[in-house]
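The values are calculated or read from the model by the stated rules, or taken from the named source; none is laboratory data. Owing to the predicted nature of the structure, the values given are computational and were not obtained by experimental measurement. So basically every Cβ, Gly included, is an ideal-geometry build from the backbone, and we count neighbours across all protein chains shown.
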Amino acid sequence: MNLTKYFMAVAVCTFAVCIFYKSLLPHTLSVNGKAEYSASANNPDSDDYYTLAANVAAGNGFSADGKTPAVLRPPMFPLMLGAWFKLSETSYDSAYYYQAFVHSLTCAVAFLLFMEIFGALRFSMLLTAWLAIAPAHLARITHSLLEPTMALFTTLSILLSVRALRSNKLNTAALAGVSWGVLTLSKVPSWIGPILLAAGSFMPGTVRLSKRQAGVLLLMFAATMTPWAIRNYRHFHKLILVNAQGACMLELFTANTYKLSPHSGDAKFEEARLLIKEMNAQGLSDSQKFDKLLPFVWKDVTYFLFERPIVGTVYFTFPDFYGNWYTSPLSPSQRYWKITAYAWWFVLVLPLYLVLFYRCFQLVRGELRSPLGFLVVFYMVYWSQHTMIWCDPRYSVPVYVILLCLLPLNLNVKKFGMEPAAANG
């Protein structure tokens, strides 16, 4: 079956949905070049990424002030958005169209992935439609944030990895390595993907990469990451593979609680905020901040290493609609949109997590074959990394496609009922 026409149709239809959605937004995306967000919906992360992209487009390099090289944020999304600005214009409307374009490509690639996994055209189109109109995905494209770009390269990386698992082709493994590298440059937690794939080549009794494929995948993954690491070493004289946000994340970890946490009013968090304010005023280095903040964590290990991750685990699954379903407070006449968003989450998202736990049970019992076994492990490790530091519902958006791939339907047996690839390794 020639899937090209379906790929193009999905991309065009999804982009049309995004344009229609823009017409429904209760705010103007740009007024004299400035974003017109409500105070509750304004996002400092979005502002930072937009500024970085604007400087890239202006020829000032990856910089927040147009002069000093930046390293706080991961580079891939601002670089891609900056290239888009260079080809079009630097404005929030243009940023919206970039996000809409990327979301359209994500859905088109997801369609190919679903066909690879399930081999059923109508069902694959149904899952693709789910992604295209998911409130969480549509909410993301209204901000200059990295989740749409991450969703694209997560989906592409998984598609190429699945094809490599069933084909034994070195060039497919090489492309998968490049895609995983680009994804990791979008956000660090994705680094585990190629490591798991390579480790799987040593596991007997499963569909896996050959050892040659694993080597090529890791080589191309490293080659994709290397230029940015060299750039960082040249400017900052230390090894920074993606970005240097460790101290910032530790500040977030110690000074903030989740919305539903019973500890949100504890005095210790105000103490942490005052300490962070003092450190920033003193201009302390990241290592000095770590030295001061880590003892604060050790004073309440039970909370920070046990209670807090449990709350974060639940919070990760929440609907990504806090101030994002619309990027302004909902008026009474618009509340049905919020009801729709939460109904979508309760009926069509929470059951996917039940499927995930069912697949985990199968994996532990040795009943789950690759590629589903790989997808389950990757999802759980990705989730765990965020849980231990900071969870936000929007962090789950790029990996929704994995949950859909885990639905308990018959695999495309013709493609995955095969002998392990290790025979060629």
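Quick notes on this structure:
- Single unsatisfied condition, A198 versus (1) farther than 21 Å from Y49 by Cα; (2) buried (at least 18 other Cβ atoms within 10 Å of the Cβ); (3) touching a residue at least 24 places away in the same chain (Cβ under 8 Å): (3)
- Counting only helices (runs of 4 or more DSSP H) wholly contained in the range 310-425, the ones carrying 1 or more residues that are among the small types (G, A, S) and at pLDDT 80 or above occupy 335-344, 372-389.
- Restricting T184, T155 to those that are closer than 19 Å to H386 by Cβ and in contact (Cβ under 8 Å) with a residue 60 or more places away in the chain reduces the list to T155.
Table: residues versus (1) hydrophobic (A, V, I, L, M, F, W, C); (2) part of a helix (DSSP H, G or I).
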| position | (1), (2) |
| --- | --- |
| S161 | no, yes |
| S190 | no, yes |
| G193 | no, yes |
| A199 | yes, yes |
| F202 | yes, no |
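- Residues that are outside any loop (DSSP other than H, G, I, E, B) and either under 23 Å from the mean Cα position of the chain (by Cα) or crowded, with 19+ Cβ neighbours inside 10 Å (or both) are absent from the range 233-244 altogether.
- Count - residues of the range 138-165 that are at pLDDT below 90 and of a type outside the set (A, V, I, L, M, F, W, C): 4
- Residues in the range 346-402 that are of a type in the set (D, E, K, R), more than 24 Å from D45 (Cβ to Cβ) and touching a residue at least 24 places away in the same chain (Cβ under 8 Å): R359, R369.
- Entry remark, the range 186-195: residues being out of contact with any Phe, Trp or Tyr (no Cβ under 9 Å at 6 or more places or on another chain) and crowded, with 18+ Cβ neighbours inside 10 Å number 0 in total.
- Answer residue from the range 39-54, given it is among the aliphatic types (A, V, I, L, M) and at pLDDT below 90 and is farthest from Q245 (Cα to Cα) among those: A39
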